[in-house]
Amino acid sequence: MPDRGLENDADEFARLLTPRAVPSARFVHNLSQDIRHAAYEKMGHGSSISFDDMVIELRKLVRLLCETLIPIQPRSDFVLTLERHLQSTAAAQIADRQRRRRWLMVGSVIGSALSFVGVVTALVLRRRNGRVQTNKPVSMT
C-alpha cells in the first residue's frame, strides 16, 4: 500500500507551486520588451522610456513578482532541526573561542615570565662581569 502521507505532501506542494509559479505570458512579454529596450539604450541609442515611466514599470514588476511568488512556511520539524544545529554550532564556536583565549593567556604569562627571567639573568651576568673586571689588578707600566 503506498504511503498516503507522502502523496498528500507531494500533492499539497504541487498545488502550492503550480498555479502561481509559472509567470503569465504578459509578464514574459513585458520583461523581454524591457530587456530589448535596455540593450537598445546600452548600444548608445536614445532612451525610449522616461525615468518616471521606468519607475512605474519597475513598481508594476515588483507587484507582479509579489503576486507570483508566494511565501512558503517551512515545516516545524525543519525549523526545530535548524535551530538545534545553529545552537550547537554557536556553542562549539564559543567553546573554541574560550579555549583559544585561555591558551593565549597561558602563553602571555609564560612569555612574561621568560622575559622577566631573561632581564634578571642579564642583570646578574652584568654585575658578575663587572665584579670580575674590577677585581683584576691594574698594572701600571
**Report entry** Cβ pairs under 9 Å, 6+ apart, first in the stretch 50-65 and closer than 14 Å to residue 26 by Cα, second exposed (fewer than 11 other Cβ atoms within 10 Å of the Cβ)
**Finding:** 64/26
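Given the criteria of a type in the set (A, V, I, L, M) and either modelled with pLDDT of 85 or more or outside the structural domain of residue 9 (by TED's automatic domain parsing) (or both), does residue 138 qualify?
On the way: of a type in the set (A, V, I, L, M): yes; either modelled with pLDDT of 85 or more or outside the structural domain of residue 9 (by TED's automatic domain parsing) (or both): yes.
Against the criterion (of a type in the set (A, V, I, L, M) and either modelled with pLDDT of 85 or more or outside the structural domain of residue 9 (by TED's automatic domain parsing) (or both)), residue 138 qualifies.
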Report summary line: All-but-one check, residue 68 against (1) over 27 Å from residue 9 (Cβ atoms); (2) in the same structural domain as residue 9 (by TED's automatic domain parsing), failing number (1)
Report summary line: Of the residues in the stretch 73-131 that are closer than 30 Å to residue 9 by Cα and of a type in the set (Gly, Ala, Ser), the one that is surrounded by the fewest Cβ atoms within 10 Å (Cβ to Cβ) is 76
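The values are calculated or read from the model by the stated rules, or taken from the named source; none is laboratory data. What you see is a predicted model; the values in this text were computed from it and never measured. Cβ coordinates were reconstructed from backbone atoms using ideal geometry, including for glycine residues, and neighbour counts include every protein chain displayed.
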